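Okay, structure first, notes after.
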Amino acid sequence: MHPSSCDTFVALPPSTERQCIIFGKNSDRPCDEVQEVVYFPARDFVAGEKVECTYIEIEQVAHTYAVMLSKPAWLWGAEMGANEHQVCIGNEAVWGRESADGDEALLGMDLVRLGLERADTAEKAVDVITELLKKYGQGGSCMEDQGSFTYHNSFLISDRKEAWLLETSGKHWAAERRQAGYRNISNEYSIKTKIDKEHPELRKYAQSKGWWDGKTQFNFSTVYSFTTTARIEAAGSRYCEGKKLLKKSNGHITAETMMDILRDKESGINMEGMFMTTGSMVSVIPTDPSLPGVHYFTATPDPERSVFKPFIFVKNINAINLPKETTSPSYGADDPVKKKPRFQSKPDRKHELFVKHELVAAIMESFKDRGKKITENMRRLEKEKMTEMEEILSHGIKEPDLLVNLFPSCVQEEMAVYGKS
């Protein structure tokens, strides 16, 4: 098996139907891995405090922003998410000429969460992530397994006004700014000659390794990529198909468009098999700062058989309102991930929604007529919620306290649909 994972998309005006930015990602992970959707409130910290990431402990900052994350349940970081300032980040596994093997450090998924917790714009998230790369590096197994599965990372980052693509190779990196149109990434380097920020030694290092002659125009993806592998070719196919799907709706891209793209199985974007789509996210961010962003999460595998449920950052969200049904069991210091040698066992990490969804997915697979009816009811619920969100996206929030339980209540409604099945 050649693990490959994820497709991430962003569309900005004038590609979108209204003055908003649409962000979307499919997280493709091992088929038995549970993805949870969790909220962490903003917090203040005293000087000298540390934060324990998946494998290493690093210095904490004075203040972290509120975040909503979709994350593999076994690790600290996240595959994708958003923060209270409407910054959205998704990461991709990438491989190139530089080896991704090495000591445990920060995972790319840790960097997603750290970027969201510490940056109030997309550009600042680029700076946060690259500074952390410089200080701590990236490394460690990215699967809950004794086998080593390592990779470098690329990140697609957006806010209310623009998007940034950040691609890394060890501690070296290049970044591209996008202020209009659309962009997508898969498991390959895609920054070419348009480089808006870069590691100060990026070109010198490539020249020292014999990857670049120092004379021809510097093309990041050409210089740092493998020449060819089956994994890269498969990612290239998904990248091209994703680009075609965005182009097809150019000028009219909506949240629904993005959900349809993430559900597309023919392109391979909605992945099946040993690696499959285990969680999906779509965000709608108006460019008008007076209007809220709406973030949709599935918290379940296969977006074709899942409900995108909305979340909005409002005041007064606290522990009582956390989405318990999408939060996996916690094992604390006894977690096999924390003990060395790591991954000697694999505990049950299924959250309540995952368990019910797993049962219903089996019914849908075995009984086509019942499956069709269940899907219709799921889409009906999703459409109802999206219609409600359209009103908020157009006219703003009138009663924020009514939205405190928005995501958990949608989860309850989804589970009620499953209960009738």
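The values are calculated or read from the model by the stated rules, or taken from the named source; none is laboratory data. Everything numeric in this text was worked out from a predicted model, so none of it was measured. Cβ coordinates were reconstructed from backbone atoms using ideal geometry, including for glycine residues, and neighbour counts include every protein chain displayed. Calculation scope for accessible area: heavy atoms of the full protein, side chains included, ligands and nucleic acids excluded. Shrake-Rupley method; radii C 1.70, N 1.55, O 1.52, S 1.80 Å.
The table for this structure:
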{"read-out": "Qualifying positions in region 59-72 - more than 10 Å from E117 (Cβ to Cβ) and crowded, with 24+ Cβ neighbours inside 10 Å", "value": "M68, S70, P72"}
{"read-out": "Single residue of region 165-182 satisfying the filter (assigned to a strand (DSSP E or B) and touching a residue at least 60 places away in the same chain (Cβ under 8 Å)) that is surrounded by the fewest Cβ atoms within 10 Å (Cβ to Cβ)", "value": "G181"}
{"read-out": "Helices (runs of 4 or more DSSP H) completely within region 314-421 that count 2 or more residues being among the acidic types (D, E) and open to solvent by less than 90 Å² (accessible area, probe 1.4 Å)", "value": "368-395, 406-419"}
{"read-out": "Of all residues making up region 145-164, the number that are at pLDDT 95 or above and either assigned to a loop (DSSP other than H, G, I, E, B) or at positive phi (or both)", "value": "4"}
{"read-out": "Sole exception among (1) open to solvent by 20 Å² or more (accessible area, probe 1.4 Å); (2) farther than 24 Å from I269 by Cα; (3) without any contact (Cβ under 8 Å) to a residue 40 or more places away in the chain; (4) not acidic (D, E) for L202, by number", "value": "(1)"}
{"read-out": "Residues that are open to solvent by 20 Å² or more (accessible area, probe 1.4 Å) and within 16 Å of the chain's Cα centre (by Cα), drawn from region 264-288", "value": "M271, M276"}
{"read-out": "Scope region 46-75; condition farther than 17 Å from G332 by Cβ and small (G, A, S); matching residues", "value": "A47, G48, A62, A66, S70"}
{"read-out": "Search result, residues across region 80-99 that are closer than 19 Å to G293 by Cα and acidic (D, E)", "value": "E84"}
{"read-out": "Any hit, region 294-303, residues being more than 21 Å from the chain's Cα centre (by Cα) and assigned to a loop (DSSP other than H, G, I, E, B)", "value": "no"}
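Yes/no per residue for (1) among the small types (G, A, S); (2) in contact with a Ser or Thr (Cβ under 6 Å, 6 or more places away or on another chain); (3) not in a strand (DSSP E or B):
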{"residue": "G90", "(1), (2), (3)": "yes, yes, no"}
{"residue": "A100", "(1), (2), (3)": "yes, yes, yes"}
{"residue": "M109", "(1), (2), (3)": "no, no, yes"}
{"residue": "V126", "(1), (2), (3)": "no, no, yes"}
{"residue": "I129", "(1), (2), (3)": "no, no, yes"}
{"residue": "G140", "(1), (2), (3)": "yes, no, yes"}
